[in-house]
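Asker: A single structure is presented below for examination.
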Amino acid sequence: MKVLVIGSGGREHAIAHALSKSNKVTEIHAIPGNPGIASIGTCHKGSVEDLEGIKKFVEDYNIDLTVIGPEVPLCMGLADLLEASNHLVFGPKKFAATLEGSKAFSKDFMMRHNIPTAAYVETTNYEEACKALDKFSYPVVIKADGLAAGKGVVICESKVDATNTLKEMLIDGILDGAGSKVILEEFLTGFECSLLCFTDGKTIVPMVSAKDHKQIYDGNIGPNTGGMGTVSPNPFMPENMDEVLKRDILDPFMKGLKEDNMDYRGVIFIGLMIENNKAKVLEFNVRFGDPETQSILLRLDSDLFDIMYAVANKTLEQVPVKWSDEHVCCLVLASGGYPGSYEKGKVITGLNDVDDDIIVFHAGTKEENGCILTNGGRVLNICAKGQNLNEVREKVYKASSVIDFEGKYFRKDIGLA
Ligand code: AMP
Ligand code: GLY
């Protein structure tokens with residue numbers, strides 16, 4: 001089978017790596033891919049937003065399954081375009097992808113289908129938004145409605161903070177169209193956790209837990225990033241939550257998909273806040289998390305291609321999804337300055353000198369004249385498997401001193417904080 005992976009990050013490298021273990025997969029292609037993916041498949045120039053170009057590629061290369069990594073092409077309707085020509089796709093259609101593409105849409109979905117979430121107000125008007133602030137205590141959460149590449153959520157400690165943020169989003173337009181509608185939301189306390197699930201719209205299968213570390217600095221301080229590292233299992237996940245999550249979140253979510261006629265075949269990533277063994281949904285993402293996926297897929301004992309093919313064919317209930325009990329740590333090596341501005345094009349050394357049981361996924365790299373150079377904020381994901389958290393932490397931190405580039409930055413407390 002020929003598989004096409006759309007995207008260029010560590011998540012897509014981890015997906016391609018898991019697919020390469022399947023004896024059914026004969027060819028892996030990626031648009032645009034990265035130098036890590038190029039070592040197990042073929043990368044092709046192109047943009048993830050060039051939907052017609054991707055469709056032409058799928059037809060020219062007789063691709064059997066297209067796996068869409070990032071949210072932008074999902075929200076633009078890539079799955080719809082490919083499926084309209086009978087091509088199999090792993091990734092939800094545009095209407096369902098709006099669960100990530102619009103926070104107002106996803107809040108409305110949650111309210112209508114009794115999925116627990118924070119109380120909120122939605123508005124496009126600055127004066128109305130300022131007035132609505134009176135309904136909330138502080139801190140209050142302000143969210144841009146549209147996709148904002150991780151910059152759309154601001155936790156405001158005071159009324160001054162909140163009115164400034166509302167002005168920036170609604171009047172100054174600092175997030176362009178993404179902030180022309182906002183959600184004001186009650187601040188939830190508790191323990192945050194991500195729940196990723198495979199679903200074909202009929203069956204939903206949760207994956208093993210993972211803990212992301214979103215802030216840039218140790219101790220969970222500083223600005224939010226795409227994610228600085230993950231461990232799986234999530235050491236902070238309370239025991240015996242499975243039944244509660246199924247009853248309170250997954251069952252109403254599946255009922256909601258059916259009632260709203262959403263064609264959902266892919267991954268649903270549910271951001272949760274848990275307190276006193278009760279969960280509320282912070283957000284839906286309509287794709288694998290990055291870097292959660294790097295840890296999670298290294299624990300998958302079943303064939304990822306079989307699962308994805310079954311999801312695309314709506315036969316997920318027939319396929320086993322088994323996980324190993326091992327622990328995994330994924331450490332992000334970032335460019336100094338990230339998530340603010342940073343330099344690119346630094347030579348990366350030591351990639352071939354790490355221990356054999358280290359897996360390095362490429363996240364923001366490029367190849368030039370036989371050298372691997374930095375090409376993004378999050379550059380590499382160093383991953384290791386082992387029997388416990390300490391062992392996997394030791395392995396990845398040892399490798400982090402072997403791999404080097406100018407400005408290399410990483411958190412020291414992945415799995416601990
Ligand atoms: P989101 O993109 O909606 O998940 O928001 C990004 C981050 O903001 C989350 O991972 C949380 O850490 C935080 N956050 C979002 N909504 C809330 C909320 N209602 N209460 C507390 N923290 C929140
Ligand atoms: N790591 C968080 C995300 O992928 O959205």
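Every read-out reported here was derived from the displayed coordinates using simple, explicitly stated rules and does not represent laboratory data. None of the values given here were measured: they were computed from a predicted structure. Backbone-built Cβ (ideal geometry, glycine too); neighbour counts: all protein chains shown.
Asker: Report ³J(HN,Hα) in whole Hz for each residue of the range 264-275, in order, from the Karplus equation J = 6.51 cos²θ - 1.76 cosθ + 1.60 where θ = phi - 60°; Gly and Pro get x.
Answerer: Result, ordered by residue: 10, 10, x, 10, 10, 10, 10, x, 10, 10, 10, 9 Hz.
Asker: Here is a further query. Got a sec? Charge dipole of the chain, +1 on Cβ for Lys and Arg, -1 for Asp and Glu; which of VAL360, LEU298, ILE268 is way out at the positive end?
Answerer: ILE268
Asker: When you count, for each residue, the other Cβ atoms within 10 Å and take the mean per peptide, how do 408-415, 132-139 rank with the highest first? Please report the intermediate quantities before stating the final value.
Answerer: Values: 408-415: 19.6, 132-139: 14.1.
Peptide ranking by packing, descending: 408-415, 132-139.
Asker: Right, something else. What length, rounded to one decimal in nm, is gained on full extension from LEU416 through to LYS21, with 0.36 nm per residue of separation minus their alpha-carbon distance?
Answerer: Roughly 139.1 nm would be gained on extension.
Asker: Which residue, chosen from PHE191, ALA104, CYS156, occupies the Cα position most advanced towards the positive end of the dipole of the range 96-201, where the dipole is computed from +1 (Lys, Arg) and -1 (Asp, Glu) charges on Cβ about the Cα centre?
Answerer: The residue sitting farthest along the positive end of the dipole is ALA104.
Asker: What nm value, rounded to one decimal, do you get for the distance between MET237 and GLN318 when each label is placed 7 Å out toward the C-beta?
Answerer: 2.8 nm
Asker: Output needed: percent of Cα pairs per 10 Å distance bin for the range 166-312, bins running from 0 to the one holding the longest distance.
Answerer: 10, 33, 36, 18, 3, 0
Asker: Among ILE268, ILE296, ILE174, which one shows the highest mean-square fluctuation when the chain is modelled as a Gaussian network with alpha-carbon springs under 10 Å?
Answerer: Of the options given, ILE174 has the highest mean-square fluctuation.
Asker: Could you work out how far the C-alpha centroid of the range 1-67 sits from that of the range 193-257, in angstrom?
Answerer: 26 Å
Asker: Could you run the Karplus curve 6.51 cos²θ - 1.76 cosθ + 1.60 with θ = phi - 60° over the range 305-313 and give me ³J(HN,Hα) per residue in whole Hz, x for Gly and Pro?
Answerer: Result, ordered by residue: 4, 4, 5, 5, 5, 5, 4, 5, 9 Hz.
Asker: So what J values fall out for the range 164-172 if you push phi through Karplus, 6.51 cos²θ - 1.76 cosθ + 1.60 with θ = phi - 60°, rounded to Hz, Gly and Pro as x?
Answerer: 4, 5, 4, 5, 4, 7, 8, 9, 6
Asker: Which order, highest average first, do 380-389, 67-76 follow once you tally other Cβ atoms within 10 Å for each residue and take the mean per peptide?
Answerer: Put in order of decreasing packing, that is 67-76, 380-389.
Asker: Next up: Under a plain spin-label model, where a point goes 7 Å from the Cα along Cα-to-Cβ, how far apart in nm are SER39 and ASN352?
Answerer: Computed distance between label sites SER39 and ASN352 equals 1.0 nm.
Asker: Taking the alpha-carbon centroid of each part, what is the distance from the range 112-179 to the range 363-404 in angstrom?
Answerer: Their Cα centres are 36 Å away from one another.
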